Each structure stands twice: as structure tokens, then as C-alpha cells.
Amino acid sequence: MLVGRKDSGRKAIIQVSAIAIGIVSLLVLLFGYNKGTLIFSVNSELVSQIMFFIELILAAFILYLGIRHRKSLTVILILAQACLLVFFEIRFSGNMHIDNNIFLDQFSIIMALIVGIIGSLICVYSVGYMETYHHHYKEIRDRRNLFFGILFIFLSAMFGLVFSNNLIWVFFFWEITTICSFLLIGYSQSEEATNNAFLALWMNLLGGVAFMAALIYLAIIDPTGQLLGLNYLISTGKAVALVPAVLICFAGITKAALMPFSSWLTGAMVAPTPVSALLHSSTMVKAGVYIIVRFAPVLSGTTEGLIIALIGGTTFALASFIAISQNNAKKVLAYSTIANLGLIVACAGVGTYNLMWVAILLIVFHAIAKSLLFLCVGTVENRIGSRNIEDMGGLIVRMPKIAIMMFIGMAGMFLAPFGMVISKWAAIEAFITAPFGLIFIAILAFGGSATVFFWSKWMGKIISVMREQTVIEDTVKKEKWAVLYILTGLVVTVCLIFPLISSILIEPFVLNIYGQTTRLAQANLSIMLMMLCLLMIMPFSMLFYRKSTKYAPPYMAGRPVEGHMRFAGSMGVSRELVLSNYYMTSLFGEERLFMVGASLCWALLLFAGILLVGVIL
Amino acid sequence: MTYLKKSPWLLHYDASSCNGCDIEVLAALTPLYDVERFGIINTGNPKHADIFLVTGGVNVQNKQVLINTYEQIPEPKVVIAIGICATSGGIYRECYNILGGIDKIIPVDVYVPGCAARPESIIDGVVTALGILEQKRLAMKTKTQTKMVKVGDAR
Amino acid sequence: MIPEYLAPFIWAVLYILLAPVIGGLIAGIDRKVTARMQGRVGPPLLQPFYDVAKLYEKENLVVTASQNFFVLSYLVFMAVAGALFFSGGDMLLVIFAFTLSHIFLVLGAYASYSPYSHIGAERELLQIVAYEPMIILTAVGMYMVTKSFFVSTIVTSNIPIILYLPGVFIGYLIVLTIKLRKSPFDLSTSHHAHQELVKGVTTDFGGPNLGKIEIAHWYEYVFLLGVVWLFFAWNPLLAIVAIIIAYFIEILIDNTFARVKWQMMLRSAWIIAGTLGLVNLGVLYYLRMVVP
């Protein structure tokens, strides 16, 4: 990929590889779904050495870039991380013999499916997208081979992450994803992009330092390195695992862009849309929550766990509120992502068995719906040249199929009977039996209603037709259509078959860890299925009304309105009507609420840190 | 029997009235006369209305507005011209901007002359309009023409 | 006797058939009582039915064809949600189904590009944002007392729920004002003879569509008062009295208070109702934790 320069060749390679990845993921599913937890041993010595060297090279690379761009925070953090890494290698790794390096359990399979299917779909999409992108932005240097190369490296890193049992390996893949994100955000090499890339970098490095600290702590406790095996660590229970769990969860918090670290995700929206779809909603940030959900059994019932959950919950509520005041489509999606990640972490932090079930369900539904939305927004942006929601009026006429797909994606985010509502419903039912659950229910109730507001606003904007418009949809490329159709189909299908997913993959996993599991009641499932079918039939009702309907102009106090919503104003001047949504920035403004969220979360983090120190000492 | 008689909803529009007739229309809607007991409601929205009450004559500026509003009322509908200005232009008939009574622009079904028309006449006019409304409803079903009716003596 | 597994279906069917009748009568009583409070005679009791019948006699006038779809979906999902409630289903699912149907109404208002319906739609969304947390807290409160989200369990329980959930009940009454579209919270659209933004959300709907919206409102009335019943479910007579008193208070409030701005509505619903509800639930929680 990196070396190939020709466009057509590249396209073919990408499509073939993407399909291959997708198929392999499915094969993994078929192979592993009923086998419980499988553990594989791989000779780790050589691999670890290679990893160490790669990490050092990458550290040097980042150091060089940090110095060149004069980003002191980055420099400090990468130096700190590198020192810790070298310290770890020198002091400990000689004595370590870790056997069980790779494992496969249902949760890994779910993550692998998400990465494999959605990831490869997005890669296929980005071929067409990048062509148009460079067509529009001629000033950006065409480094597409690098772009695609990194995309695939990233996919491999994600696979590595979810299949690794050895925490050192997890860390390695973690850092690779950080660097991929850094390089991809800065793709356009504009000043804003570079700054945001470094912002993402230092926040993730902060997490990396914490991760490294956890590894060192584990190595100090048990020099043979047994505890570095993830499944072993979790099963040893809270006394031992809590400190590294919290530290690694901190790393997860930075990677998942919860408050107070959310600004890197919103800043990363300057990257091309496939990057946003892949890294910053479906997969990389999911790695952050993945690791937190893995540690949920360790966190459940502890104060630190509760604090982490509160950070998640606060993020959910405040990010939802902030999203109300945003009119940049990608920022709305970014804040919605942050909010949902916060919700997943809130479930994981409290960590009872049913909450873990909910968390995994949320991961699945969110990944699919959000990636669909990002891709649609990317296509729309390419066509109409704007990311502003206010410019998307009448999209149902201009780009009917994309508008409907966006509709389905958005419905998938907040409407019954689609996925996210199922998860929110299950979350409420789960929190109610959990300790301190009431706080989280309140957060869910208030934050949830905020999400209703901003999604419906957007939906309304798409369907309001204000002037005669032409269809501009036809120039969208074939590959993009295929991807979008598949993703839309997935949104609906997963909603239909989620009981199946639940019983095959999620419930056994939860059962394994907690000894009990949960599911939605059968009666409710049938009702939801009925509602979904009803929802799909309803649009056909429009056919019944064709004959009897008479058309009239909208009411504008009698002002005659021509087709283009111009009316004769006073003084005989012809004015155009402009309607825009409520953004309520005085109440829900980004600045104000971010201040609130950041301070709350810093306070919580500080509290957690103090507790942690107490535990260590 | 149509239900239009049981629940006729009004839309009141002041074309270029001096507001004398408007005050009388509103007086008809007050608890003293309480037209809601007949199911009459004053809506402000043409799409919800059955009866279009217009006061004042048509001038150059509100000609389009009148047509636009009239077209937004769903069938079956009746138009009542309240006051002599709406009927024929009244004392402003010779003004440079007045085009005349509203029947120059939209078809009128009931005329209620007066300056200002009294609430009792207005209610009378509405009741007559209801009969016409019923005819129109039946006509809508069978698609035939209906006639227009004049009412009331000037008092 | 009726076999037990059929009971939910029978309830659902009864609801779908009878709720419009009951809801329409409630609306009629509402208008009569309001008129008497204002010193008038008022329309006949069956007036709402005449209104809807008349609306169906008008032609179907729309701005865009999708409005037909949205209004029909609004009605259908409203009926479905209410049927779900009365057949004893999960309260949270009922709430979410109701939200779904309201969103359809909002989308229908957005579909026409009139400024009145647009702002009406925004305000309707704000109303949804305002009342949804409280309704969820109501469902949660019911769970905390009866250990179940299922209406069938709550209705048949012998616990005097109102004694445990007074704060939640008052909070519910506050948001009931919003849901019934009564002053001071009738921002997005208002009852007959009141205007707000011309007719707000329903501005660009005429004829049969408006009739459908009206029928959907009737379904909603029955559901909302059904929730009031749940608070008193252990004593049906008391429940009926409570419903009558609660509705009368709503009418009284409607006639005495002026409309407020949306900021005030959001504040009252979130801060006042929310605090009442949360404090109530918090106390319950604490007591449950301390006193098993």
C-alpha cells in the first residue's frame, strides 16, 4: 500500500483486502463463538523485543516531531513514557516469562467483528471519499498512499489489541493506535490540523504514561510477569488488580476522550471524514472503553470504580447538553460519541453483571449507527461543501437516499425501537439495582432527553423543503453507495437480531465472568420487533394519500410565498425566509459547560488519585 | 347531515377595515353572545377554518394576501363579507387604493351590510352561511354548483 | 373466565377502541368546565366529536405529502404506546414509544416550512426535553416501590404507592400540565380558542390530518390519566376521585395562569419537578438501604 502509487491499483488492493478482512472476522466468529475463552501461547521473547524496538523508534520519531513543532507537552510526555519503557525493559523483562499471550473470547470476537466489518467498509468508502476530497482541496498534499497504509496498520493494531492477553502487547498496540490517530488527524498539514494532532497526541500519551506506570507496578508486585496476563489479572480479584486497573482505566479515559480530555476528539474532526468514522467513533475510542469494560469486574463495588463511572456519567450528561448548541455536523457527532462513550464507561465503572451486558450492547449499537452517520455526513459535505447543519435543509429533496440513510442512522441513535434506546432502557433497568444507581438514572434521564432534542432538530432540518432544489446525488460514487447501503442494512438488522447476538456472544461472556447473566424479557422483545416492523411499513402509507391530497403553500400570515420562499416584505422589497434551529448557546454553550464538566471530572480524577495513593501506601 | 353545522370554525381577516366591524365580530365571540356554544371557534389559521369572515375593502396591498389566505382554506368553505366596506367598498369606495368590495377578488357567499354591522346580524350571517356550507359539502360529494345568497337589511 | 394470557390483548383492543371515546368525552368535559369558569355556557359535551367529524369532511390539504405519513405514524404509535400501557407492558418501553410518536408530530411540523410550525416544532421538542426526565423518574419510582416496571404488576399491587411517592406525584402533575398542553405550558400549540404562534405545531395541518392529531390527543389523555391511576391503584375508588380532582386542578391552572416562556418551562420542569422527584426517590433509596 505504502509503495503503490497508481490509483486504480490501489483501489483494487483496498477492496480486496477489505473484503478479506471482513471475511476473516466472520470466520473468527464462526470458529470461536461457542468455545468459551481460548488462550493461545506464542513465543513472546522475539516478539517482545521487536515491539520494544519499534516503540523506541516511534518514541524518537515523536520526539523529533515534537521538538520541530515546539510542542513542549508532547516532548515531556514522550520522554517520560520512553524512560518508563526503557526502565521497564531493563529492570523487569529479563525475568518475565509470559505464556498466554493471545486469547479469544466472545468480547474479543465482538470487537473484532466491529473492527473487521465496519473498519473494512470504511476503508472501501474512503477510496471514493479521498478522491473527491483532494479534488476539492487542491492545496493539500496528496499523501494518499500514506493515508491508506496507516489505515490498514491501524486495523491490524486494533485486531492485535483485542486479541492480546499480554498487557505489554496491549500497550504496544495501544501506542500504535495513538500514532496512527496522530498522523491521520494531521493529514491535511494545515496549522489547525497539526495543532489538533498534537493535542490528541499528548492527551493519549498521558494515558500511555499511566499505562506504563501500571505495567511497572504489576512488574514490581510480581516479577515473573504472571500478572501481566489480562485474564489472570482480572481473575485475581480486587486487592491486587485495583491499582493497575485504575491506572489503565485512566489511559482508557484519555483514549475515549471523556471529560476533561474531550477536546482532542472534537478537535480531531478536522481530519477527513473516514478518519473520524473509523478512529474517532467506531474503533479507536472503542479500544479505550474496551479496556475499561474488561476491568469492570475489578472495578465493581469499589469507590474508584464509582468515581470512574461518575466521570463517565458526567461526560454523558454534559456532552449531550453541549451537542444541543452545536451547528457543525461533525462536532455534533463528536459530542454524541463522547456522550455515549461516557455512558459505556458509567456502566462499566459500576460494573454489575447486567451493566456489563448493557455496556457491550451499547458498544455494538453505537459503533454501527455512528459510523453510518459519519459516512453520510462526509458524503453530504463533499456534495454541498458545508458541514453546517443549517445548510442541510431540504436534503431529502437534494440527496434523497442519503437523507433517508441519515434518518435511519439518527433514529438508530435515539428512537425506539432501535438500538441505543434498547441500551438506554436496559441501562436504566440495570442501574436501578446497582449501588448509587439513582445518580446515574438521573444522569441518563436528563442527558437522554437532551439527545432527543438535538437529533430531532437535525432530522427536522433535513426534511424541511424550503425552496425548489435539484437533485445533486447522482455524482456520488459506486463504492460509497455499496458501503452506505450495507451499513444502513446493518443498523436495522442488528436491531432485529440483537437478541441473537446477546444470547450467542454477550450472555456467555458475562456468565463466564460473573456467574450470572441477564437479557431482556421475551415479551418486550416481541413488542419491539412488532414496532420495528410497523415502523418499516408506515412509509408506504404515503401511497394511499396520493389521490385525495391537495397542496397549499405553508402559512406565512397570508404573505404570498413563491416557490423559493420569498415573500413581498414591506416597502415592496422581496425577502427570503430563513428558518434555523434553536441552539441556545447561552444555556448549553460549549465553553460554559465544558468548564463545568472539566472541573467536575478533574476533581473526580484527583479524588481517585488520592484514593489510589492511599491504596498503594 | 353534515357536521360542518355543528362545528364551524371561523377565520377573521381585516382587509382594510376601520376596525369597527372587527370590534363587532369580536363582540360576537365574547361570553355575552358566546358563540362557542354552537361549536364556533375563532382560529387564526386558514388551514383549520371553514368560514372566512372578512371586514373592510380590498386595497392594492392586501389583494395578494386575501387570495393567498383564501386558497389555504380547505374545501368546503364559505366567505362572509362583514360590513358595507367588504360588500362594496363602503364610504371608502372612491379612494385611490381601494379596489372595492372583496367580491372583486374572491367569491363571496354571504353579505352582511352595516356600518358597523351589529353582532346579531353577524351571527345571522354565520347561520345563513352554515346552510350554504352544507350545500357545498353535498356539492363536493356530487360536484355541482351552488348559488350565492345575500342577507340582512341594513339597520 | 378469560384465559390469562389473553388478558393483555383484550385490554389492548379495548383501549384502542374505547380510548378515543373516553378521551373525547374528557375533552368535552374540559371545554364545558372551562366555559363555566369563564362565565359562559360552553359547547355541548360531545363537541369534540363533532369537531373531528367535521374535520374529516374537509378536503385533505397539506403542504407536502410526507405530512400525511407523519401524522398517521403519530396516531398509530400513540395508540400502540397506550395499548402497551394498558395491556400491562413495561413502563419504560411505553415512555419510549410515546417519545417516538411525538417525534413524528414534530417531524410533520418541520416538513412544512412555515415559520409558525417551525418554531412550534422547536418548542414541542423543548417540551419533550422538559417532561421526559420526570416521566422516567416516575417509572423508576414505581419500580422502587413495587419492584417491577411492568404495569400489570404495579396495577395489581396492594401498596399505597402515593404514600411513598408524594414528591414524584407532584412532579408528575407539573409535567402533566405540559403534556396536556395547558397554560402556563402550552407553548407549542394550544387548545381551541387559544392561539399560540397561530397554532404552533399544528399550523399547517388541515382537514383529516388535524382530525387524526385530535384523536391522538384523546389517546394520550387516557394514558396520562391512567398513570395518575397507578399512583392510587390499590384503591380504585380513590383513584377515580384522584383523577377527577387532578384534572380539575389542571383546568383551574389553565384558566388562571398566563403562558410562560420556554426558559421558565424548562426550568420548572427540570429544576422543580426534577428536584421533587429526585429528593423523593433519594429518600426512598436511603430508607431502602437502611431499612430493609
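If I filter the range C:82-89 for residues that are in a loop (DSSP other than H, G, I, E, B) and either at the interface with another protein chain (Cβ under 7 Å from one of its Cβ atoms) or over 20 Å from the mean Cα position of the chain (by Cα) (or both), do I get at least one hit? Yes - at least one qualifying residue is present in the range C:82-89. Look through A:Tyr551, A:Tyr545 and report the one residue that is surrounded by 15 or more Cβ atoms within 10 Å (Cβ to Cβ) and within 11 Å of chain C (Cβ to nearest Cβ). Matching residue, one of A:Tyr551, A:Tyr545: A:Tyr545.
The numbered conditions (1) farther than 24 Å from A:Ser371 by Cα; (2) at pLDDT 75 or above; (3) crowded, with 22+ Cβ neighbours inside 10 Å are all true for A:Phe88 except (3).
Of all residues in the range C:90-124, exactly one satisfies the criterion of being more than 7 Å from chain A (Cβ to nearest Cβ), among the small types (Gly, Ala, Ser) and closer than 30 Å to C:Thr146 by Cα, namely C:Ser101. Filtered by the rule that a residue be under 27 Å from C:Ser66 (Cβ atoms), in contact with a helix residue (DSSP H, G or I) (Cβ under 6 Å, 6 or more places away or on another chain) and assigned to a helix (DSSP H, G or I), the range A:408-427 gives A:Ile408, A:Gly409, A:Met410, A:Gly412, A:Met413, A:Phe414, A:Gly419, A:Met420, A:Val421.
Is it the case that A:Thr488 is crowded, with 19+ Cβ neighbours inside 10 Å, away from chain C (no Cβ under 14 Å) and either at pLDDT below 75 or not in a helix (DSSP H, G or I) (or both)? Here the answer is no, as A:Thr488 does not meet what is asked. Of the residues that make up the range A:428-439, is at least one in contact (Cβ under 8 Å) with a residue 24 or more places away in the chain, crowded, with 24+ Cβ neighbours inside 10 Å, under 18 Å from the mean Cα position of the chain (by Cα) and part of a helix (DSSP H, G or I)? No: the range A:428-439 contains no residue that is in contact (Cβ under 8 Å) with a residue 24 or more places away in the chain, crowded, with 24+ Cβ neighbours inside 10 Å, under 18 Å from the mean Cα position of the chain (by Cα) and part of a helix (DSSP H, G or I). In the range A:554-565, the qualifying residues are those that are touching a Lys or Arg at 6+ places or on another chain (Cβ under 7 Å) and at pLDDT below 75, and the one that is nearest to the other protein chains (Cβ to nearest Cβ) is A:Met565.
Look at the range C:39-53: where a residue is over 13 Å from B:Phe38 (Cβ atoms) and a partner is aliphatic (A, V, I, L, M), sitting 6+ places away or on another chain with Cβ atoms under 6 Å, you get C:Pro48/C:Ala27.
Return the residue satisfying two criteria in turn: it lies in the range A:263-303 and is of a type in the set (S, T, N, Q) and farther than 20 Å from A:Leu155 by Cβ, and of such residues it is surrounded by the most Cβ atoms within 10 Å (Cβ to Cβ).
Residues of the range A:263-303 of a type in the set (S, T, N, Q): A:263, A:266, A:273, A:276, A:281-283, A:300, A:302-303.
Checking which are farther than 20 Å from A:Leu155 by Cβ leaves us with A:263, A:266, A:300, A:302-303.
Numbers: A:Ser263: 18, A:Thr266: 25, A:Ser300: 22, A:Thr302: 18, A:Thr303: 13.
Residue satisfying both the conditions and the ranking: A:Thr266.
Does C:Leu61 satisfy being under 30 Å from A:Met531 (Cα atoms), within 13 Å of chain B (Cβ to nearest Cβ) and in contact with a Gly (Cβ under 9 Å, 6 or more places away or on another chain)?
Details: under 30 Å from A:Met531 (Cα atoms): yes; within 13 Å of chain B (Cβ to nearest Cβ): yes; in contact with a Gly (Cβ under 9 Å, 6 or more places away or on another chain): yes.
Yes, satisfied.
For the range A:532-545, the condition holds for at least one residue, the condition being that it is of a type in the set (A, V, I, L, M), modelled with pLDDT of 75 or more and either closer than 30 Å to C:Leu266 by Cβ or not in a helix (DSSP H, G or I) (or both).
Are any residues in the range C:25-38 closer than 14 Å to C:Asn255 by Cα and free of Cβ contacts under 8 Å to residues at least 24 places away in the same chain, and if so, which ones? Break it down stepwise before answering.
We begin by selecting, within the range C:25-38, every residue closer than 14 Å to C:Asn255 by Cα; these are C:30-38.
Passing the criteria: C:Lys32, C:Ala35, C:Arg36.
Of the residues that make up the range B:39-51, is at least one more than 10 Å from chain C (Cβ to nearest Cβ), within 18 Å of B:Gly20 (Cα to Cα) and crowded, with 24+ Cβ neighbours inside 10 Å? Steps first, answer last, please.
Within the range B:39-51, the first condition is being more than 10 Å from chain C (Cβ to nearest Cβ), and the residues that meet it are B:51.
Pick out the ones that are also within 18 Å of B:Gly20 (Cα to Cα) and you get none.
Among the residues of the range B:39-51, not one is more than 10 Å from chain C (Cβ to nearest Cβ), within 18 Å of B:Gly20 (Cα to Cα) and crowded, with 24+ Cβ neighbours inside 10 Å, which makes the answer no.
Restricting C:Val62, C:Val41 to those that are at pLDDT below 90, of a type in the set (Val, Ile, Thr) and touching a strand residue (DSSP E or B) at 6+ places or on another chain (Cβ under 7 Å) reduces the list to C:Val62. More than 10 Å from every other protein chain (Cβ to nearest Cβ), among the hydroxyl-bearing types (Ser, Thr, Tyr) and in contact with a helix residue (DSSP H, G or I) (Cβ under 9 Å, 6 or more places away or on another chain): which single residue out of B:Ser17, B:Ser7 fits that description? Every option except B:Ser17 fails the conditions.
So if I check each of A:Ala367, A:Ala403, A:Ala442, which one is within 30 Å of C:Trp270 (Cα to Cα) and either over 19 Å from the mean Cα position of the chain (by Cα) or in a helix (DSSP H, G or I) (or both)? Steps first, please.
Numbers: A:Ala367 fails: within 30 Å of C:Trp270 (Cα to Cα); A:Ala403 fails: within 30 Å of C:Trp270 (Cα to Cα).
Exactly one of A:Ala367, A:Ala403, A:Ala442 is within 30 Å of C:Trp270 (Cα to Cα) and either over 19 Å from the mean Cα position of the chain (by Cα) or in a helix (DSSP H, G or I) (or both), namely A:Ala442.
Among the helices (runs of 4 or more DSSP H) confined to the range A:254-318, the ones with at least 1 residues that are modelled with pLDDT of 85 or more and in contact with a His (Cβ under 9 Å, 6 or more places away or on another chain) are located at A:263-267, A:284-294.
Restricting attention to the range B:60-78, and to residues there that are surrounded by fewer than 18 Cβ atoms within 10 Å (Cβ to Cβ) and not charged (D, E, K, R), which single residue is nearest to the other protein chains (Cβ to nearest Cβ)?
Filtering the range B:60-78 down to residues surrounded by fewer than 18 Cβ atoms within 10 Å (Cβ to Cβ) leaves B:60-61, B:63-64, B:67, B:71, B:75.
Okay, now just the ones that are also not charged (D, E, K, R), so B:60-61, B:64, B:67.
On the way: B:Val60: 11, B:Gln61: 9, B:Gln64: 4, B:Ile67: 7 Å.
Per the stated criteria, the residue is B:Gln64.
Can you find a residue that is among the charged types (D, E, K, R), within 11 Å of chain B (Cβ to nearest Cβ) and either in a helix (DSSP H, G or I) or within 22 Å of B:Lys6 (Cβ to Cβ) (or both) anywhere in the range C:19-34?
Residues of the range C:19-34 among the charged types (D, E, K, R): C:30-32.
Cutting the leftovers down to within 11 Å of chain B (Cβ to nearest Cβ) gives us C:31-32.
Now narrow it down to the ones that are either in a helix (DSSP H, G or I) or within 22 Å of B:Lys6 (Cβ to Cβ) (or both): C:31-32.
Taking every residue of the range C:19-34 in turn, at least one turns out to be among the charged types (D, E, K, R), within 11 Å of chain B (Cβ to nearest Cβ) and either in a helix (DSSP H, G or I) or within 22 Å of B:Lys6 (Cβ to Cβ) (or both).
The condition of being at pLDDT 80 or above and over 30 Å from C:Leu281 (Cα atoms) holds for only one of A:Ile441, A:Ile428, A:Ile432, A:Ile402, that being A:Ile402. Scanning the range A:162-187 for residues that are closer than 22 Å to A:Ile363 by Cα and among the small types (Gly, Ala, Ser) yields a count of 2.
Restricting attention to the range C:35-58, the residues being surrounded by fewer than 21 Cβ atoms within 10 Å (Cβ to Cβ) and β-branched (Val, Ile, Thr) number 1.
The helices (runs of 4 or more DSSP H) falling completely within the range C:143-182 that include 1 or more residues that are hydroxyl-bearing (Ser, Thr, Tyr) and within 12 Å of chain A (Cβ to nearest Cβ) map to C:151-156.
If you go through the range C:192-212 one residue at a time, do you hit one that is touching a residue at least 40 places away in the same chain (Cβ under 8 Å), basic (Lys, Arg) and within 14 Å of chain B (Cβ to nearest Cβ)? Lay out the reasoning, then the answer.
From the range C:192-212, those touching a residue at least 40 places away in the same chain (Cβ under 8 Å) are C:192, C:196-212; that's our starting set.
Okay, now just the ones that are also basic (Lys, Arg), so C:199, C:212.
Within this subset, residues satisfying the condition of being within 14 Å of chain B (Cβ to nearest Cβ) are C:199, C:212.
Checked the range C:192-212: at least one residue is touching a residue at least 40 places away in the same chain (Cβ under 8 Å), basic (Lys, Arg) and within 14 Å of chain B (Cβ to nearest Cβ).
Among the residues of the range C:59-86, those identified as touching a Pro at 6+ places or on another chain (Cβ under 8 Å) and either surrounded by 21 or more Cβ atoms within 10 Å (Cβ to Cβ) or under 14 Å from C:Ile213 (Cβ atoms) (or both) are C:Asn60, C:Leu61, C:Val63, C:Phe69.
The values are calculated or read from the model by the stated rules, or taken from the named source; none is laboratory data. Keep in mind it's a predicted model, so treat the numbers as computed, not measured. No Cβ is skipped: glycine too gets one built from the backbone with ideal geometry, and neighbour counts run over all protein chains shown.
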